[in-house]
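Working notes, structure below.
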Amino acid sequence: MSFLTTREAVRTCAVSRRWRGLCRSVPCIDADIIVFKRRDTEVEQYDEEGELAFKMFMNKVMELRTPLPRYVRTFWFRCILNLDE
């Protein structure tokens with residue numbers, strides 16, 4: 001699961017009851033707001049719903065993480081917003 005993005009790891013945990021808790025202790029967090037952007041348009045534009053979904057997702061992921069001694073070895077977070085509009 002360390003090679004998956006955080007969203008893919010969470011989705012994978014829904015596949016089986018035995019896998020449910022695995023995403024809580026994955027040592028790599030890879031989160032990108034691009035995954036939450038609208039796909040129905042080819043023009044890159046600000047998406048308030050996507051931003052809100054990303055924030056709620058990341059809050060829940062960090063809230064449900066297994067506490068120490070499990071650690072985060074790699075943390076990659078990308079949240080680029082175009083606020084010029």
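The values are calculated or read from the model by the stated rules, or taken from the named source; none is laboratory data. These numbers come from a predicted model, not from an experiment. Here Cβ is always computed from backbone atoms with ideal geometry, including for glycine, and neighbour counts include all displayed protein chains.
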Which one is nearest to the chain's Cα centre (by Cα) among residues in region 66-85 that are under 17 Å from R24 (Cα atoms) and modelled with pLDDT under 85? V72
Over region 15-27, the set of residues assigned to a helix (DSSP H, G or I) and within 22 Å of R73 (Cβ to Cβ) is W19, L22, C23, R24
Could you run through region 28-55 and say how many residues are outside any helix (DSSP H, G or I), at pLDDT 85 or above and of a type outside the set (A, V, I, L, M)? 3
